[in-house]
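The values are calculated or read from the model by the stated rules, or taken from the named source; none is laboratory data. On a predicted model such as this, the values are computed, not experimentally measured, just so you know. Backbone-built Cβ (ideal geometry, glycine too); neighbour counts: all protein chains shown. Side chains are part of the model used for accessible areas, which takes the heavy atoms of the whole protein and leaves out ligands, DNA and RNA. Shrake-Rupley method; radii C 1.70, N 1.55, O 1.52, S 1.80 Å.
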Amino acid sequence: MIIRGDEPEQLRLLRKLYKPGNYFMQGNEAVAYGALFAGCRFYAGYPITPSSEIAETMARELPKLGGYYLQMEDEIGSIAAMVGASWTGFKVMTATAGPGFSLMQENLGYAVMTETPLVLVDVQRSGPSTGQATKGAQGDFFQARWGTHGDHPIVAVSPISGQDAFWETIRAFNIAEKLRTPVVVLFDGVLAHTRELIKIPDVDEVEITYRKLPQNEEEAKLPFGDPHGDGVPPMPLFGHGYFTHVTGSTHKENGLRDVYTPEVHDRLVRRLHRKIEQNRHVYEKYEEHFTDDAEILVVSWGVTARPALGAVLKAREEGIKAGLFVPKTVHPFPGERMRELGKKARVILVPEMNLGQMILEVQRYVNDDVILRGVNKIGGVPLTVEEILREIRGVA
Amino acid sequence: MAKEIYSTYPMVKYLRKEALPTALCPGCGGGTVLNAFANAVDGLKLDPKDLVVVSGIGCSAWIASPYFLADTLHTTHGRAIAFATGVKVGLPDKKVVVISGDGDLASIGGNHLIHAARRNIDITVILVNNFIYGMTGGQVAPTTPFGAKTTTSPYRNIEHPLNISETVAAAGASYVARWTTAHVYQLIESIKKAIQVKGFSLVEVVSQCPVQFGRRNKMKEPAEMLRWFLKNSVPVSKAKNMSPEELEGKFVIGEFVNRQRPEFTEELNKLIDEVQEQFGLKEV
Amino acid sequence: MMQIRLAGIGGQGVVLAGVILGEAAAIEGLNVLQTQDYSSASRGGHSIADVIISKEPIYDVMVTRADVLVALHQLGYDTVKDELREDGLLIIDTDLVKPDREYVGAPFTRIAEETTGLALTVNMVALGYLVAKTGVVKKESVEEAIRRRVPKGTEEINIKAFMAGYEEGLK
Amino acid sequence: MRYPFPVGKSDFIQGDEAIARAAILAGCRFYAGYPITPASEIFEAMALYMPLVDGVSIQMEDEIASIAAIIGASWAGAKAMTATSGPGFSLMMENLGYAIMTETPIVVVDVQRGGPSTGQPTLAAQGDIMQAIWGTHGDHMLIVLSPSTVQEAFDFTIRAFNLAEKYRTPVVLLTDAEIAHMRERVYIPSPEEIELVERKLPASEEEAKLPFGDPHGDGVPPMPIFGRGYRTYVTGLTHDERGRPRTVDAEVHEKLITRIFRKILDHKDEIISYEEFMLDDADVAIVSTGIVSRSAIRAVKILRERGVKAGMVKINTIWPFDFDYIEQLAERVGKIYVPEMNLGQLYHLVKEGANGKAEVELIAKIGGEVHTPMEIVERVVG
Amino acid sequence: MMYMKSAYEIRDKYLRKDMLPTIFCPGCGIGSVLQFTLRAIDDLGLNQDEIVWVSGIGCSSRVPGFVNFDGLHTTHGRALAFATGIKLTNPDLKIIAFMGDGDAAAIGGNHFIHAIRRNLDVTVILINNFTYGMTGGQVAPTALKGLRGTTAPYGQFENPFDIAGLAVAAGANYVARWSVFNYLQGINSIKKALSKEGFTLVEFLSPCPISFGRRNRMKTAPELLRWYQKITVPLAKAKKMPPEELEGKIVIGEFADRDRPGLVREYEAYKKRAKKMMGWEE
């Protein structure tokens, strides 16, 4: 598909199908269209509330673009099929919610270990367990980071609106391709089902990235090496005669299994971490409002960032020196920037729709003389401008 | 010494020499399966560049991973067929073969097995059934014969084995056959057929694990196990006239089904064509 | 900014009415946000659609205090009545909702049946009434939105129902 | 009661075997598992012992089914356990969340090996610490214990059952391939020497009607198990005190989840356990857990010999984590080292706890080998 | 003529009144199958307190919430695995697993075939409506070719599962399939299933007008019932039909009725054998 050089044909189809302009659509649809614009032509999924509209949109649109929609027997099969398709050169995606995300954890680790680009959208709902299926939440923040076993790095982005979801999905694909890694999109049930005005751009305005392919036989022989020093090996796709061996077991640079030599494991897993750590410029992204002179810094993410901004704006109107810091890439956490901002603030408030998760990340980067306080709400109802403003006033 | 053997073995061209020798125990049936598969590929004059071999976790998953020189995807436990589904959809012109064990494909991966058979996706599955979890130390498998001893059924197995071939046939596969490692020529021919069949094909190979299974069931030597296979093998045609009681403990061998049914990737691509047609997206 | 909430039970098309209202606002270039809430039951449980329409940017992702509540069923009304502002506007289907405060309204379901022969166009009747009473969007925008959102072939019947409600609202 | 192994005396056994024997003595009568290295020996021991003590040991088709079966068994009144390793633990995440939500006492043993993915099946690691805490979706709370010796593997297994029963919660026992396969002398107490806690059962019809209420004010509802005529309904959906699904009511959800947090956090003092060594006058502290603690103790002794005022804390309860204690520790010492067999997990918890009051440094090691004491010493003395 | 209790009597006796009304849409077949099941329990005079209902996720899986029995509403697809723990721990309890087709045959397909292989003593009442009703009408693996769902907007292109057929191949003791209008056969089958040891399955083709019918030009339950009448073929007749004619049809009837020992009995014998082998018992 796109990656195999039929780009002009794909651009023709995209232009023909999706006229630029403003559309009134759900966050879930925005995610799906973002994926289509980013070049996703393979989707494998399983129905689950509140993510199903992503699957439905992909099922409707992908065949038009010559792409594949597969409904697998479960979420485990879905992510497995994606990895398989990614190794044949497709940009791939699935969407799910908490219970399905829990089931995908093993193969998410497989994708990390085998450096398989894929995009996994978790439309967070109120949990644990089945919880409140139709209600939004931000309770999977740490699951996205730590859900699979063993030492692993992960990149996760989190959109703050429907429009943002369109662009963040594209960005997720670009990061996945650039760094040959799975990327989690931490979306939520509130934005998923919220309809807003969303601007669909012209296809030419969308910058998309393709994974590195081996330039020569030498590179192809080291599918897990580091020929360019950036930690990202070129990906010798299946079907090109490279005879690539891919395994989730600890492996050498040539892909062959070695599960007994400590140095091999150390080299592999440390490179996986280094690949993510040294390429922060590829994915690090955050938004700041009034942080220059903020005494009260609000740190928020995802769906809560928006009412947080509303609250900060109102606080400013009231003469309170409030500011807002919104990590858009939530894992790895933008710790350095957090540390700088933390030095300036007197109070840090962390509103989120859970019982306190991102606040633990914030805590690692701030000194003990800062008052750090969570603004937490669970039960599926988003935090409001008024609720956050009340907290700001309380510490002003 | 080892090198010399490889240089005289005609199938060595299909193997990753740098990965040899294999990690399989002496007497393991896995070698027979690898040999049969290589011979089938050779017999069909298949270019290994047109092959993708996928496997899960366990000894049998190691038969081809990484030893067979093709694109090889060694996946998580039980999920090989689901991974292979993605590969096949992405590369519809290549032959996708899954080689893995009974525990991997029929226990933890049982759901993917029956669903792939239902979809009738054009994948060939070579399922090596040695009745046991070899790699983890000889635990009971869903294929372990009734009454056999394993480390987790130390007082003899009380569960009945899953009839894998029969279940996969019922789920809708195009081609299903069962052989044992004592039927090498039939096995090679069957694998050849399976690879050529359009649709989901399963070749179940009853195989010996003298170390983990045989040892605990009074068959320490591989030859004893092969004799056991031969003695208890019953051809499909004959089995049809036998009662379930008579069939207890027997291995029904032969072809169970060989039929034409709509194939998944073909239907999928046909659908895409129709949709593109319907929306006027085909280039004129 | 106007926060509008439509409440009924599953099957009344409450969400579709919300979507069409939102789409109409979008057509006019206003800022708009629309959400819904329903029980697990596909039919018969409460069903709520929220629409926030504003010239300014919208920061809340939910209706915090409704300016207008349109109630098409007692169950929907009981679920959300407390969230209507004290001086807010309550619009009801007078046959199906027994409110405990001041209201305006009409027998929307009956009007739907009489106008189109289909009770399930009640959502359009109520929408027409709402638009007439509040003027939050233009009726032309709603007509355009209906054409975009309803199943092919049902555009005219839905617009007819909408206009019936609109006329009723102007009375 | 007759036991299929000697009790009231010491034995020389592997960590996996110790866990199995402890489970039997703790009253575990249902085990469901699936083979996986390096946890298989627990299963094999259970398969050997269970039928003899009229318990059940069953091999399920996968790990998802294994944890499901033990939850079912727990609701039928049995103490139940499963054991696995990383890949299987990943598969169990969904149903682990179910056990938390339905407040089902179970014990899950994760014998950690090198990861991610299939990684190094036979070699030890501590890479699942954060997974044990955060691996399932949604806001949740559970208990995670971590032994450092074969004796502790035995003792902590009994404790895991007691905590699970007392607080009606899943407990994860986080051990590793090294302890699993290491043989040590272990004292296997006789049943009279073991203090066992049994779950609260409803004392009245009233209590039985509130399987998710809080009649005693301690956050832990009595458990109306199946088959006694209580007609209990159990669901992973958000539910009210009687167990009825209430999936759209924010207050019901908040009440339920905060109680599930509270029942554990309010009893933090009893649940949390750590041991200090030579910390009184220390200005350098080593914080470690599990197998690495053994090297850390040796390292402290060597450091003391070299005149460095070092001390250490061995964390026995990883979750809930005692952030306050670490903060106090950080106030007392200038620097905290965290040696662990991963690229930084316990380290994050310690860092959060230290709250900027002491420098925290990670001593990471991966690949399957435990830190040598000298590796720790060298990092401390620079 | 046998005295038939009225639906109200059954409802009064077995339903949790405080949980009503159910979440089921008008025209949904789940309520009918629930009636059949409760009637079968009543006719057999089974003790309400010795039955546990187990389910997974989906519309059908909400049933245990409405009946006044012990009930375990579990995770998606896993009901039979949970049931294994209950049954082996307390063999006196009878287990009814009330499942949907997506739950039992898609995500739960593996537990399904392995529970059958073990011959777990459980009665599965399976609602097959060809769709995922609760999540909004996505296509299920039981859907016949050409049927539509929100994730098959251009018609299902995959081959469907024959759940009953699969259960027979995997070795279930009792397997029957009916559509909801075969109520007498349905009740009798459930009674038979509840009376046998080992794994028993009664599958019902059940109308879902809202999520399934609406998308397949059958908006009402009567239309769906007429369609069932058209596509179902009794077993006796099907045996005489060539495979081509059976394409797109669904065979109904009793497919298996055998008496292999159930898992509970096997395990009891196993415990005895273990003790004997260890010399603990003669």
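Odds and ends about this structure:
- Loop trypsin sites (Lys or Arg not before Pro), the stretch B:196-284 (other Cβ atoms within 10 Å of the site Cβ: 12 or fewer; DSSP): B:Lys218, B:Lys240, B:Lys282
- Remark on the stretch A:148-164: accessible area falls by at least 30 square angstrom from chain-alone to full-complex state for A:His149, A:Gly150, A:Asp151, probe 1.4 angstrom.
- For the stretch D:245-279, backbone nitrogen atoms closer than 19 Å to the point 7 Å from D:His216 Cα along Cα-to-C-beta are found at D:259-272.
- Here chain C has 50 percent of its accessible surface on carbon and sulfur atoms, given a 1.4 Å probe and all protein chains in place.
- Positive-end residue, the stretch A:2-205 charge dipole about Cα centroid, Cβ charges, pick of A:Met104, A:Leu14, A:Pro182: A:Leu14
- Of the cross-linked pairs E:Lys87/E:Lys237; A:Lys377/D:Lys351; A:Lys199/C:Lys152; A:Lys91/C:Lys55, those separated by over 28 Å at the C-alpha level are E:Lys87/E:Lys237; A:Lys91/C:Lys55.
- FRET efficiency, 1/(1 + (r/R0)^6) with R0 45 Å, evaluated for A:Asp204 and A:Arg274 via beta carbons: 0.80
- Shielding by partners, peptide E:128-139 (average Cβ within 10 angstrom, other chains): 4
- For the stretch C:63-107, a reduction of at least 10 Å² in accessible area between the chain on its own and the assembled protein chains (probe 1.4 Å) is found at C:Thr64.
- Its convex hull of Cα atoms gives the stretch E:169-282 a direction-averaged projected area, equal to a quarter of the hull surface, of 10.6 nm².
- Buried accessible surface for the A/E pair, both sides summed and rounded to the nearest 100, is 1300 Å² with a 1.4 Å probe.
- Exposure rank, largest accessible area first [A:Cys40, E:Cys28; 1.4 Å]: E:Cys28, A:Cys40
- With every protein chain in place, chain A: carbon and sulfur % of accessible area (1.4 Å): 48
- About its Cα centre, the dipole of the stretch E:131-213 is roughly 160 debye, where the only charges are +1 on Lys and Arg Cβ and -1 on Asp and Glu Cβ.
- Radius 13 Å from Cβ of A:Gly34, net charge of other residues (Lys, Arg +1; Asp, Glu -1): -3
- Cβ-based net charge around A:Phe141, under 15 Å, with every Lys or Arg adding one and every Asp or Glu removing one: -2
- Here the Karplus curve 6.51 cos²θ - 1.76 cosθ + 1.60, taken at θ = phi - 60°, turns the phi angles of the stretch D:284-295 into couplings of 10, 10, 10, 10, 8, 9, x, 3, 5, 4, 5, 5 Hz, with x standing for Gly and Pro.
- Accessible surface buried upon A-B contact (total; probe 1.4 Å; Å², nearest 100): 3700
- Counting only protein chain heavy atoms and rolling a 1.4 Å probe, the accessible areas of D:Ser204, E:Ser211 rank, largest first, as D:Ser204, E:Ser211.
- Applied to the stretch D:247-253, the Karplus parametrisation 6.51 cos²θ - 1.76 cosθ + 1.60 on θ = phi - 60° returns per-residue 3J(HN,Hα) values of 8, 10, 9, 4, 5, 4, 4 Hz, with x for Gly and Pro.
- Semi-axis lengths, Å, the stretch B:1-73, gyration tensor of Cα atoms, sqrt of 5 times eigenvalues: 17, 16, 11
- Calculated diffusion of the stretch E:7-277, Stokes-Einstein form, Kirkwood radius summed over Cα pairs, 4 °C and 1.567 mPa s, µm²/s: 69
- For A:Lys135, the aspartates and glutamates whose Cα falls under 17 Å of its own Cα, not counting residues fewer than eight places away in the same chain, are A:Glu53, A:Asp122, A:Asp188, A:Glu352, C:Asp37, C:Asp50, C:Asp60, D:Asp139, D:Asp240, D:Asp249, D:Glu251, D:Glu254.
- Its residues counted as N, the protein assembly as shown yields a C-alpha radius of gyration over 2.2 N^0.38 Å of 0.88.
- Cα centre as origin, Lys/Arg/Asp/Glu Cβ charges: the stretch D:9-193 dipole, Debye: 240
- Between A:Leu108, A:Leu309, A:Leu360, the Gaussian network model of chain A with springs among Cα atoms under 10 angstrom shows the greatest mean-square fluctuation at A:Leu360.
- Pairs exceeding a 23 Å alpha-carbon distance, out of E:Lys145/E:Lys230; C:Lys98/C:Lys139; C:Lys81/E:Lys17; E:Lys196/E:Lys230; D:Lys200/E:Lys13: C:Lys98/C:Lys139; C:Lys81/E:Lys17; E:Lys196/E:Lys230; D:Lys200/E:Lys13.
- Most fluctuating residue given options D:Arg294, D:Arg159, D:Arg304, as computed from a GNM of chain D linking Cα atoms under 10 Å: D:Arg304
- Accessible area per residue for the stretch A:286-395 is 33 Å², calculated with a 1.4 Å probe on protein heavy atoms, without ligands, DNA or RNA.
- The stretch A:2-205 - convex hull of the alpha-carbon atoms, volume per residue in Å³: 98
- With the simple model of a label 7 Å out from the Cα in the direction of the Cβ, B:Lys250 to A:Lys285 spans 6.5 nm.
- Near the amide H of E:Val124, within less than 5 Å, lie the amide hydrogens of E:Ala97, E:Thr200, E:Leu201, E:Val202, all on another chain or at least 5 residues away, with H placed in the peptide plane.
- Protein accessible area in the stretch D:274-381, 1.4 Å probe - carbon and sulfur %: 46
- The stretch C:2-170 - convex hull of the alpha-carbon atoms, volume per residue in Å³: 101
- The stretch A:168-302: Rg to Rh, with Rh as the Kirkwood radius over Cα pairs: 1.08
- Solvent-accessible area per residue, Å², over the stretch C:82-171 with all protein chains present [probe radius 1.4 Å]: 51
- Summed buried accessible surface, chains A and C, 1.4 Å probe, nearest 100 Å²: 1700
- Close amide H pairs (under 5 Å, H built 1.01 Å from N) link A:Ala156 with A:Val184, A:Val330, A:His331, residues at least 5 positions away or on another chain.
- Counts of other chain beta carbons within 10 angstrom of each beta carbon in peptide A:192-203 average 4.
- Check: the stretch A:286-395 dipole with +1 on Lys, Arg Cβ and -1 on Asp, Glu Cβ, in debye: 100
- Total formal charge among the other residues, if their Cβ is under 10 angstrom from that of A:Pro117, Lys/Arg +1 and Asp/Glu -1: +2
- Percent of alpha-carbon pairs separated by more than 24 Å within the stretch B:24-278: 43
- DSSP-defined beta bridges in the protein assembly as shown - what % are antiparallel, rounded to 5: 30
- Only one residue of B:Asn157, B:Pro48, B:Val236 has its Cα farthest out toward the positive end of the dipole of chain B, where Lys and Arg carry +1 and Asp and Glu -1 on Cβ, and that residue is B:Asn157.
- Angle between chain E longest axis and helix E:183-195 axis [Cα atoms, degrees, rounded to 10]: 20
- R0 of 51 Å, Cβ-Cβ distance E:Arg226-D:Glu205: FRET efficiency to nearest 0.05: 0.55
- Stokes-Einstein D for chain D, Kirkwood Rh over Cα pairs, 37 °C, 0.692 mPa s (µm²/s): 154
- Helix B:264-278 and the longest principal axis of the Cα set of chain B meet at an angle near 10°.
- Virtual spin-label span in nm between D:Asp324 and A:His228, 7 Å along Cα→Cβ: 5.2
- Inter-label distance, D:Met1 to E:Asp18: 3.6 nm, where each label sits 7 Å from its Cα along the C-beta direction.
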